[in-house]
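Rule-based calculations on the coordinates, nothing more; no lab input. What you see is a predicted model; the values in this text were computed from it and never measured. FYI the Cβ positions are ideal-geometry reconstructions off the backbone, even for glycines, and counts take in every protein chain you see.
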Amino acid sequence: MSSRRRFVRIATIAIGVPFLAVIAFLALTPRRIEERIPNVLDLVLATAHRLGWTSLDFMTLEILANVLVFIPVGIIAYVFAPRRLRWLALLAGPAASVSIELVQLLALPNRVPSIADVAENVLGATIGVALCALASRVLNSPASASPTLETS
């Protein structure tokens, strides 16, 4: 394994594990996020409105959050998928999202599982995989190779 790949994997673990723990906490606790941190959501909406995004409402914010929060899931899956099986990273988003919604359905009566949440999460994870595939292609292209000095 190259030193660059090793660094990427270590950085992904260092950032990804705490991130996934927070996601699990938010998704798998009995109370909905808007009940837990209403002031933060109000602050985000108020800031967006002050910046001119007056059409942003709670529902749109929730959709955006569902997409954005799963982008790292796709990135993590891509980084750890074997090179020849990178397409498997595309299954991480649906697997994680459906698992979350099933736990909410079966074990968390105050939570409302949603097919829309699954679709939004899958979109986010797919974006994460696509970003990694694009970055990998750019970084591994001949044009990005380090120039070498030719001596006579």
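Over the alpha-carbon set of the chain, divide Rg by the Kirkwood Rh and report the Rg/Rh ratio to two decimals. Could the numbers behind the result be given before it?
On the way: Rg = 19.2 Å, Rh = 17.6 Å.
The Rg/Rh ratio comes out at 1.09.
To the nearest 20 Debye, how big is the dipole of the chain about its Cα centre, given +1 on the beta carbon of each Lys and Arg and -1 on that of each Asp and Glu? Write down the numbers at each step before the final one.
Numbers: 13 positive and 9 negative charges, 155 e Å.
Its charge dipole is roughly 740 debye.
Considering the dipole of region 21-152 built from charges on the beta carbon (Lys and Arg +1, Asp and Glu -1) around the Cα centre, which of Leu123, Val138, Pro30 is farthest to its positive end?
Looking along the dipole axis, the top candidate is Val138.
Using only alpha carbon pairs under 8 Å that are at least six residues apart, calculate the relative contact order of the chain and give it in whole percent.
Values: 125 pairs, mean separation 41.1, N = 152.
Result for the chain is 27 percent.
Under a GNM of the chain (C-alpha, springs under 10 Å), which listed residue has the highest mean-square fluctuation: Pro18, Pro109, Pro142?
Pro142
Work from the charge dipole of the chain (Cβ charges, +1 for Lys and Arg, -1 for Asp and Glu, about the Cα centre) and give the residue of Ala96, Leu108, Phe58 farthest towards its positive end.
After comparing all options, I get Ala96.
How far is the Cα center of region 55-126 from the Cα center of region 23-46, in Å?
Comparing the Cα centres of region 55-126 and region 23-46, I get a distance of 17 Å.
Which angle from 0 to 90°, rounded to the nearest 10, does the C-alpha axis of helix 115-139 make with the longest principal axis of the chain?
20 degrees
What order do you get for 93-102, 33-42 when each peptide is scored by the mean count of other beta carbon atoms within 10 Å, highest first?
93-102, 33-42
Arrange the peptides 5-17, 127-139, 61-73 so that the one whose residues have, on average, the most other Cβ atoms within 10 Å appears first.
Details: 5-17: 12.9, 127-139: 15.6, 61-73: 18.3.
So the peptides 5-17, 127-139, 61-73, ranked by packing, come out 61-73, 127-139, 5-17.
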